[in-house]
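No lab work stands behind these numbers, since they all come straight from the coordinates. Please read all numbers here as calculations on a predicted model, not as lab measurements. Counting neighbours? That spans all protein chains shown, and the Cβs are built from the backbone with ideal geometry, glycine included.
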Amino acid sequence: MAIAVASIVQESNDFSPLKTRYSDFGLVFEKDVIRRHEGALTEMGGFLSVLSQTGRKAAPLCSGWAVTAGRMLRADYQRLAHEYLQTLAGMARPQGLLLALHGAQTAYSTHDVAGHLLSASRKILGPHVPIVATLDLHANVTRLMVESATILVGYKTYPHIDLFETGERAAGLMLQILAGSLSPVMRYRKIPLIVPAENMQTTSGPFGELMLRAAELEHSGAACCVSIFGVQPWLDVPEMGCSTVSVTNNDPVAGQRQADALAKAFWAARRQFDVKLTPVRTALREAMRSEGPVVLSEPSDSTGSGSPGDSTGVLAPLVKLCSGYPAAIFLVDAPAVRRAIAAGVDATLRLSVGGTIDRKHSRPVRIVARVRLISDGRWTGRARGYNTGVETCMGRAVVLDVGKIRLLVAERSAMTVDPELFRSHGIEPERMRIVVVKSPNGFRAAYQEIAKKMILVDTPGVSTPRLRTLPYRLVPTPIYPLDRRVRFSPQEGAEDALEHP
C-alpha cells in the first residue's frame, strides 16, 4: 500500500479585486507531481524525500500553487476540488494521506477551502486512514479542519523558510502513526484576535517568544507537534481568528492545557504586533542619504498578500524624487507590457503605468521610459521561501529605464520576496540604492544579507496593516483590533477539542 500525497496551496485576500481561477494553480497530476517537486524545497518535496529515504511508496495525486488573490470563482473551485477528489477516490485505498494546504483559502462556494477538502477527503478514506496536513503559519484553523484531519502541522518560520522541513515533519508523524508508536490527539483554541503580518517574525519579538514556548513543549516530549497560527488578516469569514494547536500522544488533557496556555500568551502580547509605518517621501529621503541598498517594503500592495501589485503609491514619488538614483521596483500592468513589447528594445516611449487593477487606491503615473529588456516572465526562485526551485510564470515582462530607475513590469502578479525576481531580469539589487518590495515580512529572509536598512512605508491598499480601515462584514465580533474592548479567557466556554476517531 502507498501513502497518497497532494498539494493545493493558495492564500486568499477577501478584499482583493483579483479573482482566482482554476488556471492560476498550474495543476499537475500523478507522475508530473514528482517531476515538479522532487528535490524542490517545498512541502511536497519534504513528503517525497522522507518517503523515499524510508522505502515507502508515494502515490502522487496532484499539485498546484497560486499566488495570493481574491476568492476563487465558484465553477473554478468546483473543478479543482472535483479533480483532486476524483483522483483520490480512483486510487486503491492508501495507508495515509499527506496533504499540503495553506489554510486561508476561500472560494465563492465556501469560506473554508481547507476544511472542505479535508472533510471530503475524510469521507472518501473513512475514519481510520490517517490524514496529516501541512498549513501555512497564517492559516485560519476551523473546527471542520480539526474534525477532519488527524494532525495539522504548521510552519515554524516567518519569513517562511521551512516549507521543506514542514513536509518532512508531517511525513515523519505519518510514519509514526502507521508504525503504531503515535496515537495522536489534537486540541486547539481559537482566539478573538487578528494581528498584522509586519511584526510576526519568528526569530524575535512577540511571535518569536511564542514559537520558543511551542518548541519547548516539543523538545521536552510533552507534545509531538505544536503550531501557532497568526492567521491571514485579510480574510472576511465567520470563523476568523488566530489559533493554537497541540498534538499529544494520547494525552488530551495536557494537549488542551498547552493550547490554552499558548493562546493566553498570544492574547497578552496582542498590542506588541502594532505596526509603525513611515511616509513614503520620508523613507525615500532617508534612502537617498544612505549608501544603500535600502529596501522599502510596501505592505499594502503585497503580491504575496493578495494585492494586485499595481500600486503607484511608491512609484509616483520614486519617479519624481529619485530618478537620478539606482532603484529597482516591480509592477503589474499588462497593457504597459504590451505597449513596450510593441515598441521594442531600445525604444523610448511615453506611457501610463500602474493603477490598472486597484483603481480605488492608486492612479496611473505618466513616465518616459526606454525599453531595456523583454522577457517571457519565467524565473525560478533561489532563496528559501515559497516554491524554491520551482518555476514561476508571471506572463510576459519588460524592464523599463526611467532615468536610473529599473522598472520591472509584468502581465501577472508574482511574489517579490526573492531577489531572483530582479536578477533573472538583469537587475542586481545589491547595486541599487533603493529596492522596493511588495511584501510585509517575507522579504526579510533573502534581503537581510544585502540591505543596509529596511523601511515599511505607508500607502493605501487592500493588504494594509491598518486593519480597522478595511470593510469586514463576516468576522465574528467582538474581535481585536476591530473592537478594542474584547475579553478573552481560554478557560471560559466549551472546550475547543476534538479527537479524531
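Side notes on the structure shown:
- Pair residue 431, residue 269: separation of 7 Å Cα→Cβ label points (nm): 4.1 nm
- Restriction of the GluC sites (Glu not before Pro) in the stretch 165-261 to DSSP coil positions whose beta-carbon has at most 15 other beta-carbons within 10 angstrom yields no sites.
- Residues 181, 352 in ascending order of nearby Cβ atoms (within 10 Å, fewest first): 181, 352.
- Oblate is the label for the stretch 107-182. Its Cα gyration tensor axes, ordered a ≥ b ≥ c, give a/c of at least 1.5 and b/c at or above a/b.
- Straight-distance candidates among the lysines for linking to residue 57, with alpha-carbon spacing under 16 Å and chain neighbours fewer than 8 residues away dropped: 31.
- Basic side chains Lys and Arg get +1 at the Cβ, acidic Asp and Glu get -1 at the Cβ, and with that the dipole of the stretch 3-272 about its Cα centre reaches some 460 debye.
- The residue among 277, 317, 250 whose Cα reaches farthest toward the positive pole of the charge dipole of the chain, with charges on the beta-carbon of Lys, Arg, Asp and Glu, is 317.
- Between the stretch 199-214 and the stretch 391-415, the alpha-carbon center distance in angstrom: 34 Å
- Reachable lysines from residue 276, criterion Cα separation under 16 angstrom, eight or more residues apart if same chain: 453
- Using R0 = 30 Å, the C-beta based FRET efficiency linking residue 19 and residue 124 works out to 0.55.
- Given 19/320; 156/190; 19/404; 156/438; 404/438; 264/360, the pairs whose alpha carbons are separated by over 27 Å: 19/320; 19/404; 264/360
- Electrostatic tally near residue 77: other residues with Cβ closer than 10 Å to its Cβ, Lys and Arg +1, Asp and Glu -1, net +3.
- Inter-probe distance in nm under a simple model that places probes 7 Å from Cα toward Cβ, at residue 281 and residue 216: 4.9 nm
- With respect to the chain, whose longest principal axis is taken over its alpha-carbon atoms, helix 205-220 is tilted by about 30°.
- Prolate/oblate/rounded call for the stretch 1-112, Cα gyration tensor, a/c under 1.5 rounded: prolate
- Full extension of the chain segment joining residue 423 with residue 38 gains 136.1 nm, where the gain is 0.36 nm per residue of separation less the Cα-Cα distance.
- Fewest-first ranking of 82, 102, using other Cβ atoms within 10 Å as the exposure measure: 82, 102
- Taking the Cα centre of the chain as reference, the dipole from Cβ charges on Lys and Arg (+1) and Asp and Glu (-1) amounts to some 1440 debye.
- Amide H partners (placed H, <5 Å) of residue 134, local residues excluded: 99, 100, 101, 153
- In terms of other Cβ atoms within 10 Å, 112, 260, 483 run from fewest to most in the order 483, 260, 112.
- Contour minus Cα-Cα distance for residue 109 and residue 470 (0.36 nm per residue): 127.7 nm
- Modelled spin-label separation between residue 449 and residue 181, with each label point placed 7 Å from Cα along the Cα-to-Cβ direction: 3.5 nm.
- Taking the Cα centre of the stretch 278-464 as reference, the dipole from Cβ charges on Lys and Arg (+1) and Asp and Glu (-1) amounts to some 480 debye.
- With helices as the sole contributors, the chain gives -8500 deg cm²/dmol at 222 nm; each DSSP H run of n ≥ 4 counts as -39500 (n - 2.57), and the sum is divided by every residue.
- Counting Lys and Arg as +1 and Asp and Glu as -1 over every other residue whose Cβ lies under 13 Å from the Cβ of residue 164, the net charge comes to -2.
- Candidate values (i) -0.36, -0.60, -1.38; (ii) -0.50, -0.77, -1.36; (iii) -0.45, -0.71, -1.41, label of the one derived for log10 I(q)/I(0) by the Debye sum over Cα atoms at q = 0.07, 0.09, 0.14 Å⁻¹: (i)
- Loop-located chymotrypsin sites (Phe, Trp or Tyr not before Pro) in the stretch 41-106 (DSSP state not H, G, I, E or B) with no more than 14 neighbouring Cβ atoms inside 10 Å do not occur.
- Compared with the rule-of-thumb size 2.2 N^0.38 Å for a compact globular protein, the stretch 3-272 has a Cα radius of gyration ratio of 0.94.
- Nearest-ten-degree value, helix 280-289 long axis tilted from longest Cα axis of the chain: 70 degrees
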